[in-house]
Structure formats: structure tokens, C-alpha cells
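The structure appears right after this line, and notes come after that.
The values are calculated or read from the model by the stated rules, or taken from the named source; none is laboratory data. This is a predicted model, so every value here is computed, not measured. In this analysis, Cβ positions are derived from the backbone assuming ideal geometry, glycine residues included, and neighbour counts consider all displayed protein chains. All accessible areas refer to the heavy atoms of the entire protein, side chains included, with ligands and DNA or RNA removed. Shrake-Rupley method; radii C 1.70, N 1.55, O 1.52, S 1.80 Å.
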Amino acid sequence: MTTLNYWHFIVIAVILFIFAGGLYTSIKQENKKLIFPMIISVSLISVLLLGFSIVVVDKYTKLPKLYKMKNKRLLSIEKVVYTGIVKNEGNHEIGEVTFEIKLVNKGHVTGNVKGGSYFKASGFLDFFKGGSNILYKPQSITKEFVVARNLKPGQAKSFRVYFDWPPYFRSVSHFAKVYGH
């Protein structure tokens, strides 16, 4: 759940005002057949507008930044460790800071990846096919971790996350992002 600030409440008030105006207009409609469809339309538009506006307000008021990210492979247990610091650069509290890391295998540099590794055909009959496909090895992995909660403006918090390292990855690109909710 997102932490609400005063911008959220302003947007909610405006959308409630729009909803109330649409509801009033639909009830005052002279053609009685149109009242119910108008109420449904106003409700749907208000709900969609509310959902999009909360996402937009979150995007522009909650600004987490990632600093000093480092990674280290633990070869003995086949894991990778990512450490770093997340800081709230915005003026409002962030309820949850999510760290997303994407690893992309560039095995074609070493010649270990075949063309079938990038494209795997699928179809309607694959839905009914049982068993695990042992030959398929994904060439990109995305992991998400919640690294901080209730981060005040200007506050920073260090984090450390572990996850399994695919043993067939050779030359890897790392893409890291942080999100605030």
C-alpha cells in the first residue's frame, strides 16, 4: 500500500467532485433510460482516473535514488550479493522502496548460446503439455526486493540482497532500478 500525502488527498477530492457532478447530472437526466448507463460511465471514468492519478502522484512525489551499488558472486554457494544505499530524494515519505535487478546473459560473446535460447516457440498445445522443459535456460532474470520501508525525506538506508546465480551465465549485464510506493 502506498503512503498517501497531501497531493493524493487533493487529487482524490477533485475526482470526488467530478464524480459527484457526473452523478448529479445523470440523476437530473430527463430521459430515464439513460440514468443507469450514465451512472455506470461516470463511475468507471472516476475509478480509472483515480487509479492513474495515484500512480502519477507517486511517480512525481516519491523519488528514491540508488547509491554505491556493488555486486559480489559467492562461488561456493552459487549466489550473488547486491549491496547499496537507497535515499529518499523527495519531500514526502516513501512507504516501500523496491529494488529491481535484471541480469542478462551475453553468452553469445563466448559462443555458448544457441539461437533457440532467445526464441522459444509456444502455442495452444503447449498449455496442455506436461513436465518441465529442462533444455530451456532463460537468458534474462529479473528479481525484485523490498529494501526499505517508511523512508522519510532525506533519509538513506543501506541494503543487502542475495539470490541464486544461474551457473550457465557467462558474461552478464546488470540493470538496476529502484521504485518508491
| remark: Residue hits (segment 1-31; closer than 28 Å to residue 152 by Cα and surrounded by 14 or more Cβ atoms within 10 Å (Cβ to Cβ)) are 2, 3, 4, 5, 7, 8, 11, 12, 15
| field | Among (1) at pLDDT 80 or above; (2) of a type outside the set (Asp, Glu); (3) over 19 Å from residue 93 (Cβ atoms), the one test that residue 129 misses | value | (1)
| field | Scope segment 131-181; condition open to solvent by less than 80 Å² (accessible area, probe 1.4 Å), touching a strand residue (DSSP E or B) at 6+ places or on another chain (Cβ under 6 Å) and of a type in the set (Phe, Trp, Tyr); matching residues | value | 145, 159, 163, 165, 169
| Among all residue pairs at least 6 apart or on different chains, which show Cβ distances below 7 Å where the first residue, located in segment 138-155, is closer than 27 Å to residue 92 by Cβ and modelled with pLDDT under 90 and the second is charged (D, E, K, R) and open to solvent by less than 70 Å² (accessible area, probe 1.4 Å)? | 149/96; 150/93; 151/93; 152/93; 153/93
| message | Of everything in segment 32-78, what is open to solvent by 60 Å² or more (accessible area, probe 1.4 Å), touching a residue at least 12 places away in the same chain (Cβ under 8 Å) and more than 30 Å from residue 17 (Cβ to Cβ)? Give them in sequence order. | response | 65, 67, 68, 69, 70, 71, 73, 78
